[in-house]
Amino acid sequence: MLTFSIAATAQESFELKGTVTEAKENGMVMLSYNDGTRFRYDTTRVRNHSFSLTGKILQPGRSMLYIEHITKQDEAQYFFLTGGTTSVKGKRVGSSEIEGGKAQSEYNLLLDQWKNVGWEPLSTSEKSKSVKMKKDSVSLAFLKSYPSSPVSFWLMEDLATASFIGENREKVAPVYEKMDSEWRASKNGKKIAGLLETAKKLGVGMPAIDFTMNDTLGKPVRLADFRGKYVLLDFWASWCVPCRGENPNVVKAWQKYKDRNFTVIGVSLDKESDKQKWINAIHMDDLTWTHLSDLKGWDNAAARAYEVRSIPMNYLIDPQGKIIGVALRGNALGEKLEEILQ
């Protein structure tokens, strides 16, 4: 979503019209977009395989078009909605050609470049690491070529995870600096600046920051005491639903690699009043590794040192104390451990 505003810019009228031959007669057509003030969901119905929607938009933005089809497999496609006319043509909306303004032309170019390296944006299949690396390389090249495009603003926001920036700061930072200054001053632009600044100190290749913190029994434990092992420094909390959802992945990694010089140190952002909930969660989720906390919530000393802005968050540290992975969630953790511990 593009969240910055453009001063003294009036809303432009748009028309989205299309012909989709396998669309269901009288089926639902829904357009989801940001008109510059809020998200909108506009709807209409299919008539003789065709439809039309009109409205106003402040600036180009990535939008979604959904259409009911004759079969039960309804589909959607993302595109860049701009002022003027945007046309949709095809058998099914997911594979339709969408033509519109300059931003959509640039988006089509990006999609074509992704497809050329084997990447399909709406595919649910797992992609090989080599294909994803090629896709990321294409994306960075696009950002360099189109630093003021609305597509680039969206793409940078989509790319800019703690994991991606932590591993690619040297490539991302110079691209970011050349992007539109107004976008860089926006909320999302500033967020990415913060991630880049953090990666200076805590990106891949940087030394892990040492700290000492008490375990569940009140015994002080120092991170540096684990030198010689691969350590996953895992920030979480008992009240954090995504953290609890991620714990099975960490347990799986722990069970597979604990005898291969790998361990986990959990750092909880629970408060003193939630100490028992923290301990209960450790047992409930079967987290049988070292657990630390100063029970100060978001003011946790280790979390502040590692500039943790959201949880779950983790850092993978090598036996020499260097960071070799950032924000490894889901399959990414297992893939990284397999790479280094196979």
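Starting from the Cα of Lys89, draw a straight line to each of the lysines and keep only those under 26 Å, dropping any in the same chain fewer than 8 residues away.
Straight-distance partners of Lys89: Lys17, Lys24, Lys56, Lys72, Lys102, Lys115.
Given a cut-off of under 8 Å on Cα pairs at least six residues apart, what relative contact order in percent is computed for the stretch 1-104? Each step should come with its number before you reach the end.
Working: 264 pairs, mean separation 32.0, N = 104.
Contact order relative to length: 31 percent.
Along the stretch 14-27, what does the Karplus equation 6.51 cos²θ - 1.76 cosθ + 1.60 (θ = phi - 60°) give for ³J(HN,Hα), rounded to whole Hz, x for Gly and Pro?
Values, residue by residue: 10, 10, 10, 10, x, 10, 10, 5, 9, 5, 6, 4, 6, x Hz.
Provide the convex hull volume over Cα atoms per residue for the stretch 206-342, in Å³.
Working: hull volume 13.1 nm³, N = 137.
Taking only Cα atoms, the stretch 206-342 has a hull volume of 96 Å³ per residue.
For the stretch 227-302 and the stretch 21-55, what is the separation of their Cα centres, given in Å?
Comparing the Cα centres of the stretch 227-302 and the stretch 21-55, I get a distance of 46 Å.
Would you please report the Å³ per residue occupied by the convex hull of the alpha carbon atoms in the stretch 12-98? Please report the intermediate quantities before stating the final value.
Details: hull volume 6.2 nm³, N = 87.
So the per-residue hull volume is 71 Å³.
Normalising by the residue count of the stretch 187-297, find the relative contact order in percent from Cα pairs under 8 Å and 6+ residues apart. Please report the intermediate quantities before stating the final value.
Details: 127 pairs, mean separation 30.5, N = 111.
27 percent.
Any chance you could count the Lys pairs in the stretch 116-202 whose alpha carbons are under 13 Å apart, treating pairs 8 or more apart or on different chains as valid?
Values: Lys127/Lys135; Lys144/Lys171; Lys144/Lys178; Lys171/Lys200.
The result is 4.
About its Cα centre, how strong a charge dipole does the chain have in debye, to the nearest 20, once Lys and Arg get +1 and Asp and Glu get -1 at the Cβ? Let's see the in-between values first.
Working: 47 positive and 42 negative charges, 37 e Å.
Dipole about the Cα centre, nearest 20: 180 debye.
Can you pull the Kirkwood radius for the stretch 265-342, inverse mean 1/r over Cα pairs, to one decimal in Å? Intermediate values should be presented prior to the final figure.
On the way: mean 1/r = 0.0718 Å⁻¹.
About 13.9 Å, per the Kirkwood formula over Cα pairs.
Taking the Cβ-Cβ separation of Ala10 and Lys89 as r and a Förster radius of 30 Å, what is the calculated FRET efficiency to the nearest 0.05?
Numbers: r = 30 Å, r/R0 = 0.99.
The computed FRET efficiency comes out at 0.50.
Nearest 5 is fine: what % of DSSP beta bridges in the chain come out antiparallel, could you say? Display every interim value, and only then the final one.
On the way: 45 of 62 bridges.
Counting DSSP beta bridges with both partners in the chain, the antiparallel share is about 75 percent.
Below 8 Å, C-alpha to C-alpha, sequence gap of six or more: please give me the relative contact order for the chain in percent.
Numbers: 606 pairs, mean separation 43.6, N = 342.
So the answer I get is 13 percent.
What distance in nm lies between label points placed 7 Å from Cα along the C-beta direction at Lys115 and His49?
About 2.0 nm, to one decimal.
When we measure straight from the Cα of Lys219, which lysines land under 16 angstrom away, once same-chain ones fewer than 8 places off are left out?
The qualifying lysines are Lys275.
Given the C-alpha atoms of the chain, compute the convex hull and give its volume per residue in Å³. Don't skip to the end; give the middle numbers.
Numbers: hull volume 54.3 nm³, N = 342.
Cα-based convex hull of the chain, divided per residue, equals 159 Å³.
No value in this document is a laboratory result; all are computed from the given coordinates. The structure displayed is predicted, hence computed values, not measured ones. As a convention, Cβ positions derive from the backbone with ideal geometry for all residues, glycine included, and neighbour counts pool all protein chains shown.
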